[in-house]
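Engineer: Sharing a structure below in structure tokens format, with a few things to ask.
Derivation of every value follows stated rules applied to the coordinates shown; laboratory data play no part. As the structure is a prediction and not an experimental result, all values here were calculated from the model. Don't worry about glycine lacking a Cβ; one is built from the backbone with ideal geometry, like all the others, and counts go over all protein chains shown.
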Amino acid sequence: MALIDDIFETAVNSQIFKDREKLLPDYIPERLLHRDEEIKRLAQTLAVALRGERPNNLFIYGLTGTGKTAATKLVLKKLEGKARTLGVNLWVVYVNVRHRDTPYRVMADIAESVGVRVPFTGLSTGEVFRRFVYRAKRLEGVMIIVLDEIDFLVKKHGDDLLYKLVRANEETRPFKISLIGITNSVSFVETLDPRVKSSLGEEELVFSPYNAGQLQDILSDRASQAFKPGVLSEEVIPLCSALAAREHGDARRALDLLRVAGEIAERRGDRIVTRDHVMAARIEIERDRVLEVVRTLPLHSKLILAAVAVSTGGGRFHATTGEVYDVYRDLISRVGIEEVTFRRVSGILGELDMLGIIRARTISRGRYGKTRVIDLATSPEPIVEVLREEPSLQPIARILGEKILGKRGGNSV
């Protein structure tokens, strides 16, 4: 078909992009702007590995998009290159534990890095660790293990694996092991077992959010590599920077906005990326983010979110916790699922607030005391879309479709 041929031709001969990959989240640039001090600290901590010594374990904190992972990968890439030049035995293992999901898969990645063959299933995590130790103590050198989003592993599975890894040096001599934990949660280390906490938190490094000016520098640098000359209108980079700065200085968010704005312009056949493309990108990214988050929610969290959508009229006004609970009970009765308690509903509302899907705030009602009110912090459309994906929840999706997307009114079921 000519239409498909035109699409392919546009992709091959882009009028917008010179190298789109420079804007992707997993691209690690050769230099990171406004992170010199953090990179210096990282390099100083890890440099002793070039003498065959074990670096201190390190905890790296910072909000999403502050350069934690990029800085760590950049320093480790340089460290590996220097180690090869000097003939130093250095192993670097990077594991994003959110992607690997279980202690078994995390430990399998670490073991496989030193040549241990691990089946996809069939062994205990303890057995994989034992095989790793058996292999490691027959080697000489230093291993640096990076556990990115380490809080996800501990919240879901506890800190048993961390305890094994921080104590592994007692069993693997002369092989030395150092850990780097990366997390978005500054308070995460306080949740650990004291034995893990004392061993793992030898050094700490905090990445502060970028401000709008710093984000603008970063975007300008990447844009010069990613886009063809003259395709960005003057307001695009300042706008992307300002929007991301409002959301805790997230460079990843800023780069996503810039990239998706370019993609939208390309799809529309426009030659210049403008403010309108950025605003369209913002809507598209927000929708995709909400879809991803809502899909991962447990069943009752989805139902309570649906109740928030109904009781707030799709975000047109706020509702109290009691009103949300009443709507939730009505929705539950329609699909024949056993309900959870009011206290649990209140707790789930707090979790949804932390995810940024709703806003929960306490207001004073004078002599009537204080109450918590709930607002929907996103469009209801992605919520309906996710509910439609599950056959058991399709009746709830129809209710939302009728009450919210259809006539956009009413706060009673």
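Engineer: Which of the GluC sites (Glu not before Pro) found in the stretch 125-226 are in a DSSP loop and have at most 16 neighbouring Cβ atoms, other than their own, within 10 Å?
Structural biologist: Details: sites: E127, E140, E149, E170, E171, E190, E202, E203, E204; in loops: E140, E149, E202.
In loop regions of the stretch 125-226 (DSSP not H, G, I, E or B), the sparsely surrounded GluC sites (Glu not before Pro) are E140, E202.
Engineer: Another question, then. Report the calculated FRET efficiency for K78 and S124 (r = Cβ-Cβ distance, R0 = 41 Å), to the nearest 0.05.
Structural biologist: Details: r = 37 Å, r/R0 = 0.90.
The calculated FRET efficiency here is 0.65.
Engineer: Next up: Please express the Cα-Cα pair-distance distribution P(r) of the stretch 161-252 as a list of whole percents, one per 10 Å bin, running from 0 to the bin with the greatest distance.
Structural biologist: That works out to 13, 29, 19, 18, 15, 4, in percent per bin.
Engineer: Here is a further query. For the pair E402 and N184, how long in nm is the line joining their label points, each one 7 Å along Cα→Cβ?
Structural biologist: Calculated label separation equals 3.7 nm.
Engineer: Let me ask you something else. By a straight-distance test (C-alpha under 28 Å), which lysines pair with K18 as possible cross-link partners, with residues fewer than eight away in the same chain excluded?
Structural biologist: K68, K73, K77, K78, K228
Engineer: Taking the highest mean first, how do the peptides 328-334, 180-186 order by number of other beta carbon atoms within 10 angstrom per residue? Don't skip to the end; give the middle numbers.
Structural biologist: Numbers: 328-334: 17.0, 180-186: 20.9.
Per-residue Cβ counts within 10 Å, averaged per peptide and sorted highest first, yield 180-186, 328-334.
Engineer: So what's the projected area for the stretch 261-413, the Cα convex hull averaged over all directions, in nm²? List each step's numbers first, then the result.
Structural biologist: Details: hull surface 42.6 nm².
Taking a quarter of the hull surface, the average projection is 10.6 nm².
Engineer: Run lengths n ≥ 4 of DSSP H only: what is the helix-derived mean residue ellipticity at 222 nm for the chain, with -39500 (n - 2.57) per run over all residues, to the nearest 500? Before the final figure, lay out the partial values.
Structural biologist: Details: 19 runs with 216 residues, N = 413.
Value at 222 nm, helices only: -16000 deg cm²/dmol.
Engineer: Quote the FRET efficiency, to the nearest 0.05, computed for D19 versus Y163 with a Förster distance R0 of 30 Å and r equal to the Cβ-Cβ distance.
Structural biologist: Numbers: r = 44 Å, r/R0 = 1.46.
After rounding, the FRET efficiency stands at 0.10.
Engineer: Something else: In nm, what is the difference between 0.36 nm times the number of residues separating E140 and K228 and their Cα-Cα distance?
Structural biologist: My answer for the length gained is 26.8 nm.
Engineer: Oh, and also: Work out, step by step, the length gained on full extension between T371 and K197: first 0.36 nm times the residue separation, then minus their alpha carbon distance; give nm to one decimal.
Structural biologist: Details: separation 174, 0.36 × 174 = 62.64 nm, distance 3.75 nm.
So the chain would gain 58.9 nm between T371 and K197.
Engineer: The stretch 188-262 to the stretch 21-73: how many Å between their Cα centroids?
Structural biologist: Taking the Cα centre of each part, the stretch 188-262 and the stretch 21-73 sit 14 Å apart.
Engineer: Turning to a different aspect of this structure: For labels at R329 and S364 in the simple 7 Å Cα→Cβ model, what's the distance in nm?
Structural biologist: Once both label points are built, they end up 3.1 nm from each other.
Engineer: Quote the FRET efficiency, to the nearest 0.05, computed for R246 versus L86 with a Förster distance R0 of 56 Å and r equal to the Cβ-Cβ distance.
Structural biologist: For R246 and L86, the calculated efficiency is 0.75.
Engineer: Using only the Cα atoms, what convex hull volume per residue in Å³ does the stretch 210-293 have? Don't skip to the answer; put the middle values down first.
Structural biologist: Values: hull volume 7.1 nm³, N = 84.
Dividing the Cα hull volume of the stretch 210-293 by its residues yields 84 Å³.
Engineer: Report which label in (i) 67, 57, 49; (ii) 100, 59, 43; (iii) 70, 56, 53 holds the value of Cα extents along the principal axes in Å derived from the coordinates of this structure.
Structural biologist: (iii)
Engineer: How big is the stretch 36-207 by the Kirkwood estimate over distinct Cα pairs, in Å?
Structural biologist: Working: mean 1/r = 0.0618 Å⁻¹.
Result for the stretch 36-207, one decimal place: 16.2 Å.
Engineer: Related question: With a cap of 12 neighbouring Cβ atoms within 10 Å, and only residues DSSP puts in a loop, list the chymotrypsin sites (Phe, Trp or Tyr not before Pro) found in the stretch 74-180. Walk me through the numbers on the way to the answer.
Structural biologist: Details: sites: W91, Y94, Y104, F120, F129, F132, Y134, F152, Y163, F175; in loops: F120, F175.
Filter output for the stretch 74-180: F120.
Engineer: Could you work out Rg/(2.2 N^0.38 Å) for the stretch 44-92, with Rg from alpha carbons only?
Structural biologist: On the way: Rg = 12.0 Å, N = 49, 2.2 N^0.38 = 9.7 Å.
The reported ratio for this selection is 1.24.
Engineer: Counting only C-alpha contacts under 8 Å and six or more residues apart, can you give the relative contact order of the stretch 297-406 as a whole percent? Before the final figure, lay out the partial values.
Structural biologist: Details: 141 pairs, mean separation 36.2, N = 110.
For the stretch 297-406, the relative contact order is 33 percent.
Engineer: For all pairs of alpha-carbon atoms in the stretch 174-327, what percent lies in each bin of width 10 Å, listed from the first bin to the last filled one?
Structural biologist: Taking every Cα pair in the stretch 174-327, the percentages come to 9, 24, 23, 26, 15, 3, 0.
Engineer: Assigning unit charges at the beta carbon (Lys, Arg +1; Asp, Glu -1) and nothing else, what dipole magnitude in debye, to the nearest 20, does the stretch 36-207 show about its Cα centre?
Structural biologist: Details: 27 positive and 22 negative charges, 135 e Å.
Roughly 660 debye, rounded to the nearest 20.
Engineer: If you don't mind, another one. May I ask you to derive the relative contact order of the stretch 252-305, considering only C-alpha pairs under 8 Å and at least 6 residues apart, and to give it as an integer percent? Working shown, then result.
Structural biologist: On the way: 26 pairs, mean separation 17.3, N = 54.
Answer for the stretch 252-305 is 32 percent.
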